[in-house]
Amino acid sequence: MAFQTSPSIEAKLALFENLSRAGHAKRYFFCPGKDFATVAGFASDEKDRFAFVCLGQNQRSTIYIADEAGTVEANVTVDGDVRHLTFSDRKTILLSGSTSLRVLDIPSRVVRNYSGSANKISAFASGTTNRLAFSTDESGEVRIWQRQGAAGNVVWTSDVVKGLKTGSGSKLEYRSDQNSLYIRDSQREQIARQRKNSWELDQTASSAEQSEHQFLCAEQFPPSVRYFEDAVSPDALLYAYTTEANDIIVENRSFNGCQSPSRLIGHTHNIYSLTFSSDDRALLSAGAVTSADDRKGFILWDLSQSNPLSKMLASTGVQGAVGRFPGLALSFDGSSWVYANSRGAILWNGEAVRAPDLLSGSSFGSMALAPSGQELAIGRATGDVFRIARTPGGFHISHHDLGTSPISELWYSNGALFALTETGSIVQLLENGSQTVGRTVEHPYDCRAVGGPVLTIEGQADGNGSQVSFYNVLDGSAAHAPVPARGGMCGGLAYAGRAKLAFRTPRDYKSPLTISAVGNGRHITFWENPVRDKVSGLKTVLDELSVSDDGRVLIARSNDRAIVIIDTASHRLLGEVEFSNTIEATLSGDGKRLLIAHLGDLSIWDINPEDWERLAFQIAGRDH
C-alpha cells in the first residue's frame, strides 16, 4: 500500500536496507505456484528483450517472452522439460527437448520439432548471428543444427560433428566473434572450429584460449561445489559463477587478476542457470527467489549499476579524491548537475564545457549552479568570476573581475549571484559590475557554508573558543553564536536556508554532532553521533556536509569512505552509501537527489523515500 502520509523513520530504514540488499537487481520474475525456473535467454538484436522458462508440476514448460520493464509479451506452453533456450532471431526461439530441436515462432505461438539425435539432448548452444545451433546428447555425440530455406519455408537440419565426444555434465558455448564451439566438462576443455564446410576439433588450441573459466576471485568468493553454475559473456570479458551462499560473483576479465568483482545478492536458495545479454549490460539468473526454496523465478540484474537507487552519469577518468574545489553541484530539483576537477575538465549534464580562456591559467577556486540549473558560476584564484549560461547553440560566457583576491565561495540567492573573497568581502555580482554588500570577521575561519541568502562561517571569537557567524546578504544583518568548548574544532558545516538551521560536525569523532538554530536565539543543541564503524563499533568522523533547504535531510562523508544520509528530525542514520576510496558528494536543495564522485565515476542517487517504495514494488514485479 502506498504511503498516505510521510513514512516513519522505521519504514524508511527498512526500505533503504531492502533496496541496498537488492544491489544490481532490476526486476524479479516469478514462476506461478510451485513451478520450477529452468533457463532464460536474451535476444541478440533487442537488448531489453528476453525469454525465460517455468516448468510446471505436470511436466509442461511455459516459455515467457518479456522485456526489462516487466511487460510479458507472450507465453507458450509445450510438453516436456525445457533446459536450454536461445533466440535465433527476433521472431524465433530455439528450445532443446527430448531428442529433438524445437523451434518456437513467437508471432504465431507455433512450435515445430526437428529430429536428429538418437538420445536425449543434455547440452545446447547457439550461434545466433550465423543461424547455427549445437547440441550434445547423453551418448556424448555432438551435432550442428543449421537453418535452411527462406521465410515461410524454413527447416532445421543436423549433422554429427566428427571427432568430438563430450563427457558427463558437459557444457557447450558458441563464440560468434571467433566462430568457435567451446566444450567444457569436469575433466577438460575442447575447442571446435569451422574449416571450409565442416566442423572439427582444433588440436592446436592453446590453454590461453580456455582461461575464461578460471576463478580469479576464488579466495575472496569461493565457488560452490554442490550447485555450481557459471556463464561467460559473449565477448568473454565477464565471467559469472555461483557460490555456496547462493550469491553470484561477476568478474571483469578486462583487468589482470581479481579487481572490483560484483557480488549479486538476491537468490534465497539454489541457482540453476545464468546467462548474459549480448552487450554485457545485464544478467539473468534462475533459482529460488523467496521463502528459502519454496518459490522459483528469475532475477534480471543490471550490471551497469551498483544499486537500484543509483544511475551512472559519466566516467570522469579521475581516480581518487575529486577535491573540494570546485567539485560537484546540483540544481534544486537534482535534474541538472555539474562536475569539475583540478585538471580543468567541466561536465555539465554530461556535456563538456569547452572554454579555453576560462580553463587556461590559474586554477578554479569555487563553483555554484543556479537553483534552476540554467547558469553555472566559476570563481578563480585570480579574483575573477565566469558566468556560463546554457543556450540553444551551446554556452554563453560572461566575465566579472573582482580584483586579485581569490574567490572562496560562490552561491545563488533570490536570482542573484554572490561571492566571498579571501579578504572577507561579500560581493553581489550585477549585470554590469559588482557591489560589496558585507564583510566577514577578520579572524581565520575553519568552516563555511551557504544556504539561501545566508553565508555561515565558523572561526575564532574575539575571546577564547570559536563562534558560528551568519551573514544575510539581502538585508546586511549579521548574527553570532558561540560554540561550547566540548564541540571541538569544526570539521563540517551546512546551512538550510528555508529552515534557518546550521548543522555542524567536529573534527574529532568522539565529540557529538551539533545543530544551531539561528531563528530561536541561536540555540545550540548537541546530538549523539549517529554513525558507528561496522567493524570497530567506534563513532566515525563526519565531514563534507550538505543539507536540504528544508533542513530535514543531511548528508556527510564518513571516515573518507562512505556517504551517510541522516534524518535530522530523529537524529538517526537513514542510509549509507559505501565506497572503497575517498569520495565527494552534494545534495540537491529539495533533498531528493545525491550526486557522488568516486573511483573515476559519477553517479546520482535517489534518496526520496516515496520513490523507494515505488522502486521496491517495481523490482518485485508488483504494482502496489
- Query: Inside segment 56-67, can you point out the residues that are surrounded by 17 or more Cβ atoms within 10 Å (Cβ to Cβ) and either within 26 Å of residue 141 (Cα to Cα) or among the charged types (D, E, K, R) (or both)?
  - Reply: 61
- Query: Any residue in segment 403-423 that is modelled with pLDDT of 85 or more, in a loop (DSSP other than H, G, I, E, B) and acidic (Asp, Glu)?
  - Reply: yes
- Message: Take residue 384 and tell me if it is open to solvent by less than 30 Å² (accessible area, probe 1.4 Å) and either among the charged types (D, E, K, R) or without any contact (Cβ under 8 Å) to a residue 12 or more places away in the chain (or both).
- Response: yes
- Message: With modelled with pLDDT under 90 and within 27 Å of residue 502 (Cβ to Cβ) as the only criterion, which of 568, 540, 586, 582 stands out?
- Response: 582
- Task: Considering every residue within segment 282-305, establish whether at least one is in contact with a Lys or Arg (Cβ under 8 Å, 6 or more places away or on another chain), in a loop (DSSP other than H, G, I, E, B), small (Gly, Ala, Ser) and surrounded by 15 or more Cβ atoms within 10 Å (Cβ to Cβ).
- Result: no
- Query: Which condition does residue 88 not pass, out of (1) touching a helix residue (DSSP H, G or I) at 6+ places or on another chain (Cβ under 8 Å); (2) open to solvent by 20 Å² or more (accessible area, probe 1.4 Å), if it passes all the others?
  - Reply: (2)
- Query: Is there a residue being under 38 Å from the mean Cα position of the chain (by Cα), within 23 Å of residue 10 (Cα to Cα) and in a loop (DSSP other than H, G, I, E, B) anywhere in segment 539-547?
  - Reply: yes
- Message: For segment 225-263: of the residues being charged (D, E, K, R) and part of a strand (DSSP E or B), which is farthest from the chain's Cα centre (by Cα)?
- Response: 230
- Message: Need the failing condition index for residue 476 against (1) modelled with pLDDT of 85 or more; (2) farther than 18 Å from residue 559 by Cα; (3) open to solvent by less than 40 Å² (accessible area, probe 1.4 Å), just the number.
- Response: (3)
- Could you look through segment 437-461, keep only residues that are closer than 21 Å to residue 380 by Cβ and hydroxyl-bearing (Ser, Thr, Tyr), and pick out the one that is least open to solvent (accessible area, probe 1.4 Å)? 440
- Message: For segment 31-71, which positions are at pLDDT 90 or above and among the aliphatic types (A, V, I, L, M)?
- Response: 37, 39, 40, 51, 53, 55, 63, 65, 66
- Message: Considering only segment 547-561, I want to know if a residue exists there that is surrounded by fewer than 21 Cβ atoms within 10 Å (Cβ to Cβ), in contact (Cβ under 8 Å) with a residue 12 or more places away in the chain, within 21 Å of residue 446 (Cα to Cα) and of a type outside the set (Ser, Thr, Tyr).
- Response: yes
- Within segment 91-124, the residues that are of a type outside the set (Val, Ile, Thr), outside any strand (DSSP E or B), open to solvent by 20 Å² or more (accessible area, probe 1.4 Å) and touching a residue at least 12 places away in the same chain (Cβ under 8 Å) are 91, 98, 107, 109, 116, 118, 119, 120
- Could you please let me know if residue 182 is under 16 Å from residue 233 (Cα atoms) and either open to solvent by less than 40 Å² (accessible area, probe 1.4 Å) or of a type in the set (A, V, I, L, M) (or both)? yes
- Item | Qualifying position, being over 30 Å from residue 484 (Cβ atoms) and modelled with pLDDT of 90 or more, among 387, 380, 448 | 387
- Would you check if residue 434 is in a strand (DSSP E or B), closer than 28 Å to residue 331 by Cβ, touching a His at 6+ places or on another chain (Cβ under 7 Å) and open to solvent by 30 Å² or more (accessible area, probe 1.4 Å)? yes
- Note on the structure: Within segment 128-150, restricting to residues that are within 42 Å of the chain's Cα centre (by Cα) and at pLDDT below 80, the one that is surrounded by the most Cβ atoms within 10 Å (Cβ to Cβ) is 128
- Task: Would you check if residue 371 is more than 30 Å from residue 27 (Cα to Cα), open to solvent by 20 Å² or more (accessible area, probe 1.4 Å) and at pLDDT 90 or above?
- Result: yes
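The values are calculated or read from the model by the stated rules, or taken from the named source; none is laboratory data. If you're wondering where the values come from, they're calculated on a predicted model, not measured in any experiment. Here the Cβ is made from the backbone with ideal geometry for all residues, glycine too, and neighbour counts use every protein chain on show. Heavy atoms of the whole protein, side chains included, go into the accessibility calculation; ligands, DNA and RNA do not. Shrake-Rupley method; radii C 1.70, N 1.55, O 1.52, S 1.80 Å.
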